[in-house]
1. Scan the range B:61-71 and give yes if some residue there is more than 7 Å from chain A (Cβ to nearest Cβ), assigned to a helix (DSSP H, G or I), out of contact with any His (no Cβ under 6 Å at 6 or more places or on another chain) and open to solvent by less than 10 Å² (accessible area, probe 1.4 Å), otherwise no.
2. Restricting the range A:99-113 to residues that are outside any strand (DSSP E or B) and not aliphatic (A, V, I, L, M), which is most open to solvent (accessible area, probe 1.4 Å)?
3. In the range B:46-60, what residues are open to solvent by 70 Å² or more (accessible area, probe 1.4 Å) and either closer than 16 Å to B:Val87 by Cβ or touching a Leu at 6+ places or on another chain (Cβ under 8 Å) (or both)?
4. Which number in (1) at the interface with chain B (Cβ under 9 Å from one of its Cβ atoms); (2) within 18 Å of B:Ile67 (Cβ to Cβ); (3) outside any loop (DSSP other than H, G, I, E, B) marks the one condition that A:Leu42 misses?
5. Need the failing condition index for B:Ile49 against (1) in contact (Cβ under 8 Å) with a residue 60 or more places away in the chain; (2) over 20 Å from A:Cys90 (Cα atoms); (3) within 14 Å of chain A (Cβ to nearest Cβ), just the number.
6. Which residue, of B:Gly91, B:Gly108, is small (Gly, Ala, Ser) and either in contact with a strand residue (DSSP E or B) (Cβ under 6 Å, 6 or more places away or on another chain) or more than 7 Å from every other protein chain (Cβ to nearest Cβ) (or both)?
7. I want to confirm something. Restricting to the range B:5-39 and keeping residues that are assigned to a loop (DSSP other than H, G, I, E, B), free of Cβ contacts under 8 Å to residues at least 60 places away in the same chain and closer than 21 Å to A:Gly116 by Cα, which single residue is most open to solvent (accessible area, probe 1.4 Å)?
8. Return the only residue of A:Gln96, A:Gln82 being touching a residue at least 12 places away in the same chain (Cβ under 8 Å), out of contact with any Phe, Trp or Tyr (no Cβ under 7 Å at 6 or more places or on another chain), within 8 Å of another protein chain (Cβ to nearest Cβ) and open to solvent by 40 Å² or more (accessible area, probe 1.4 Å).
There are 2 protein chains.
Amino acid sequence: MGNKDCLFCKIINKEIKSSIVYEDKDILAFKDIHPQAPVHILIIPKQHIEKISDLDEQKKDIVSNLILIANNLARDNKIDKQGYRLVFNCGPDAGQLVFHIHLHLLGGRKMAWPPG
Amino acid sequence: MGNKDCLFCKIINKEIKSSIVYEDKDILAFKDIHPQAPVHILIIPKQHIEKISDLDEQKKDIVSNLILIANNLARDNKIDKQGYRLVFNCGPDAGQLVFHIHLHLLGGRKMAWPPG
């Protein structure tokens, strides 16, 4: 399953180890290996979709499900009251490094503005 | 319609002027008055929902529709190839200033990391 050259597909397939915090049949969430905040989790669909710009009406549930899981993880990590930032990077100007859709959940500290 | 004390509800109701770039029956998009990038647009649901953490299974389409519109606006603004960042702020630590869900679309420059 997935794209054999994709780092995140390898994480989904457990070919590469990660610090998994949530998994269901469609979604995986794991800690960012270069955390930028006390809580920094990546939430990804198991389906290999390169970029957020590739979503369409048929696939739009994927992104809302990522966000609902992020909300749950914020509660699990007790950052829901203080707050958290959700970030999707799309393409080179945004610094997207892995071309498999991923949602960043960041919290546990005061986030600055602008967002990068 | 909306919450009478909410800045964004007033913008939706055209009680406060904004630079609108997109509108349909459920969604409004307008330029951020304090832009942090050459393209900086806010995309909001017309329904008054305070925070992204208030979304549930019934309301989840709202957030995916915001993202599909953001993708369209990125294409309209010709930043889809170079890339763009999408940001939701939830609560005080994230710096959420207006308590009506809004998605930030930022692009037209190289975005830095961390995202704030």
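1. Yes, because at least one residue in the range B:61-71 is more than 7 Å from chain A (Cβ to nearest Cβ), assigned to a helix (DSSP H, G or I), out of contact with any His (no Cβ under 6 Å at 6 or more places or on another chain) and open to solvent by less than 10 Å² (accessible area, probe 1.4 Å).
2. For the range A:99-113, the residue satisfying everything is A:Lys110.
3. Within the range B:46-60, B:Glu57 is the sole residue that qualifies.
4. The number of the failed condition is (1).
5. (1) is the only condition that B:Ile49 fails.
6. The conditions single out B:Gly108.
7. The qualifying residue most open to solvent (accessible area, probe 1.4 Å) is B:Ile33.
8. Matching residue, one of A:Gln96, A:Gln82: A:Gln82.
The values are calculated or read from the model by the stated rules, or taken from the named source; none is laboratory data. Bear in mind the structure is a predicted one, so any value in this text is a computation, not a measurement. Because the Cβ atoms are built from the backbone with ideal geometry, glycine has one as well, and the counts that use them run over all protein chains shown. For accessibility, only protein heavy atoms count, side chains too; no ligands or nucleic acids. Shrake-Rupley method; radii C 1.70, N 1.55, O 1.52, S 1.80 Å.
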